[in-house]
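**Q** Supplied in structure tokens, the structure appears directly below.
Please treat every number below as a calculation from the coordinates, not as lab data. Just so you know, these numbers come straight off a predicted model, no measurement behind them. Please note: Cβ atoms are built from the backbone with ideal geometry, for glycine as well, and neighbour counts cover all protein chains shown.
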Amino acid sequence: MGPFREPRRGFSLNSALFASVWLVFLIPGLVMNFAAPGTTLTERIGASACVLAFSATYFFAFGAVGYYPRGWRLGQRIGLYWVSLAAIAAISIGFFGIIAVTFVPYLAALLGFNLSLRRALALTLLTGAMLAAICWYFAPENIGWASIILFAWPILLVLLGTFSQREDSRTELEHELELARQREAIARDVHDLLGHSLTVINLKSELARRQVDSDPQQAKRELQEVSDLSRKSLAEVRSTVTRMRMPTFEGEIRAAQRALETAGIAAYLPSTTTAAGLYDAVFSWALRELTTNVVRHSGATHCWVSVTDHQLQVADDGCGFDADKSLPRSQGGIAGLRQRVNDAGGQLLFARRNSCTIALVTMNGEENFLPLEPAGGPHID
């Protein structure tokens, strides 16, 4: 399948909606076009079509620029959407005239929210300079207010987009630093715990060895204490390491592949290079628990795993189960996963469709289940 497969899979609805709010500022230009004397019906239809086409492309661009077309570099994807929007804006000149410059700030926003400040600002200034020269040549009386739209607003949007990118990067970095601090603290706990426990075990073992002939009963009591202490220490180490271990999505994909193949279940998994982004930890835990559930309890022959920026889905063609009835039985397993997902601000949803059980972890409130890969099993919409 080519780079243009499944355009909606991975779509970021939040990003698209946030960007599209500002499309309302195209309405005044459309109203001016309709109200202008001598405007024909054809011109009004053409102007409306340009606004609708530009809005639809702009909406999709912000939601899909991170992944679509698949396999393209980010710069290539941005270039495709920017050229598409610029082409629609150029066509609109025939219907809007000089008012068509109102499309330019949106071109700058696409650059500012996805490129570095230097590249976005350079391209924005170059675009503004070229269009300002054209405006000055054909409509010099409008060059004043046109320059504001061609330079002031686009530069402001580029700066706003760059600031937003830096805030996202800073938040992610702070999250990584906090995880690193937690790992260091837990590592110190493990070191101190093992150092103390092993020292005591060594001393008591040596004492029991010396008393095994002279005082067998005392030696037996010492060995019993060694056994009790070792079990207690093992439990403490397991508890500490459990807090320390942060699974990676890449590692969990490999583990799921091994587990499913060992169980004789055909696995359709993302590439091991797939990144889970901001939700790497919660998606990793979810993938581990859900695929373990498939292996142990489902009796399935096929299992599908799909992931986007904000969703993880695991589906199988096994016997299924009633999640709402099963969860109250225990605080572990699926119940523990649901609590973990809820704590992270997401939802864990289940459905039974076309003889398949589907579990969806969604972090952005989107409750639509992802389509399954058709290879090896039924296609579910």
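**Q** At q = 0.22, 0.23, 0.33 Å⁻¹, what is the log10 ratio I(q)/I(0) for segment 47-94, with the Debye formula run over Cα points and no solvent?
**A** -0.72, -0.76, -1.17
**Q** Can you say what percent of the DSSP beta bridges in the chain, counting only those with both residues inside, are antiparallel? Round to 5.
**A** Here the antiparallel bridges make up roughly 85 percent for the chain.
**Q** I would also like to ask the following. Just how large is the dipole of the chain about the Cα centre, in debye to the nearest 20, putting +1 at every Lys and Arg Cβ and -1 at every Asp and Glu Cβ? Each step should come with its number before you reach the end.
**A** Details: 34 positive and 34 negative charges, 70 e Å.
That gives the chain a dipole magnitude of about 340 debye.
**Q** Which part of segment 21-63 falls in the paramagnetic zone of Glu167, meaning amide N under 11 Å from the point 7 Å along Cα-to-beta-carbon?
**A** No residues fall inside that zone.
**Q** Cα convex hull of segment 13-172: how many Å³ per residue? Write out the running numbers ahead of the final one.
**A** Working: hull volume 17.5 nm³, N = 160.
Roughly 110 Å³ of hull volume per residue.
**Q** Under a plain spin-label model, where a point goes 7 Å from the Cα along Cα-to-Cβ, how far apart in nm are Thr42 and Cys319?
**A** 7.0 nm
**Q** Long-range amide H contacts for Arg353: which residues qualify at under 5 Å (H placed 1.01 Å from N, peptide plane, sequence gap of 5 or more or a different chain)?
**A** Excluding prolines and chain starts, which carry no amide H, the hits are Ile358.
**Q** For n ≥ 4 DSSP H runs only, could you compute -39500 (n - 2.57) per run for the chain, divide by its residues and tell me the 222 nm figure to the nearest 500? Let's see the in-between values first.
**A** Details: 13 runs with 231 residues, N = 381.
Result for the chain: -20500 deg cm²/dmol, rounded to the nearest 500.
**Q** Could you derive backbone 3J(HN,Hα) for segment 60-72 from the dihedral phi with the Karplus parameters 6.51, -1.76 and 1.60 (θ = phi - 60°), listing whole Hz in sequence and x where the residue is Gly or Pro?
**A** These are the phi-based 3J(HN,Hα) values: 5, 4, 5, x, 10, 4, x, 8, 10, x, 5, x, 7 Hz.
**Q** Hey, how much of the P(r) for the chain falls beyond 35 Å, as a percent of Cα pairs? Walk me through the numbers on the way to the answer.
**A** Values: 35403 of 72390 pairs.
Every Cα pair in the chain considered, those over 35 Å come to 49 percent.
**Q** Report relative contact order for the chain in percent, whole number only (criteria: Cα-Cα under 8 Å, sequence separation at least 6).
**A** Contact order relative to length: 10 percent.
**Q** Would you mind putting 108-121, 307-320 in packing order, based on average other-beta-carbon counts within 10 Å, highest first? Write out the running numbers ahead of the final one.
**A** Numbers: 108-121: 20.6, 307-320: 22.7.
Per-residue mean Cβ counts within 10 Å order the peptides as 307-320, 108-121.
**Q** Please turn the phi angles of segment 110-118 into ³J(HN,Hα) values with the Karplus equation 6.51 cos²θ - 1.76 cosθ + 1.60 (θ = phi - 60°), one per residue in order, whole Hz, x for glycine and proline.
**A** With coefficients 6.51, -1.76 and 1.60, one gets 4, 6, x, 8, 9, 10, 5, 4, 4 Hz.
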